[in-house]
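Please treat every number below as a calculation from the coordinates, not as lab data. Because the structure is predicted, anything quoted here is derived from the model rather than measured. Neighbour counts run over all protein chains shown; Cβ positions are idealised from the backbone, glycine included.
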Amino acid sequence: MAEFLRNHWAYLIGAVLVHVVFAAIFGLTMITMMRQPQPAALAIQAVVVDRSVIDRAARQQQRDRTQEREREQERQRQEAEQRKQQQERRDAEQRAEQERQQEQKEREQEQQRKQAEEQQLRERQEADRKAQAEAERQQRAEAERKRVAEIERKQKEEAERRKAAEDARDKEQRESDLRKQLEEEEGRSQAENAGLLNEYIALIEQRIVRNWNRPPSARPGLECRVKVTQTPSGTVLSVQIDACNGDAAVKQSIEAAVMRSSPLPSPPDPRLFERNLVLVFKPEE
């Protein structure tokens, strides 16, 4: 309401003045009529109104309306201008906000691009590092393989050389042993042919018989086959009665005689030594 009064005050004042003029004319007319005596007869009374006053009031009202329309148009123009300015400001702010958002987006994209490039660079560097490490590992593995292969080759050559040397030594030893065996067999054969083996056996049998304590159960014609194991020095290790026509007491006496005969006599020729002897115990009557 206050806004309406501020915008249409001239029109309202003009309207009030017109009403005041009509009210004054009406008041004056009523006063005049009251002062005049009543006529005896009925008559029509008229009031004369100044036409210029009404015209002025009408013209003033017309001017007020024109001014009011001009003011209303000016106000509408100003409001339109304000709306236009406000719209322009909003458009400008919107464009500025869009530009700011676009710049922010571009900055973010640029940052993402840089981050992606840095990540790619790190990945390439890591891949290069791994590739270099793998290449170095393969080089070390290849060098180690070659070193091991060289060691194995040398070991194989050394093993083959040692084996060849051992084979040569074994062959030489076998040949030497064979020669010795042949020589021993030949010498033993010669000694046997010379009667030395029989002499050696006889010496042992005679010693055993001398060390024998004849038991009461021994019968004439006693003959026992005795197996004796001895050392190269003649020490008796074991005695076993094989075939014998005597009883247990006789056998035990023979075993005791063999043990008492230790060490046995040495052979006249060392080639005649026998670790395992087979003797015939046959005492004379």
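Taking the highest mean first, how do the peptides 108-117, 217-226 order by number of other beta carbon atoms within 10 angstrom per residue? Walk me through the numbers before you get to the answer.
Working: 108-117: 10.0, 217-226: 13.8.
In decreasing order of mean packing, 108-117, 217-226 become 217-226, 108-117.
The dipole here belongs to segment 204-281: it is taken about the Cα centre, uses +1 on the Cβ of Lys and Arg and -1 on the Cβ of Asp and Glu, and is about 120 debye. Taking the average, over residues, of other Cβ atoms within 10 Å as the packing measure, peptides 202-215, 137-150 rank 202-215, 137-150 from highest down.
Given Cα pairs under 8 Å that are at least 6 residues apart, what percent is the relative contact order of segment 204-281?
Worked out over segment 204-281, it gives 43 percent.
Counting every other Cβ atom within 10 Å of each residue's Cβ, D177, D269 order from fewest to most as D177, D269.
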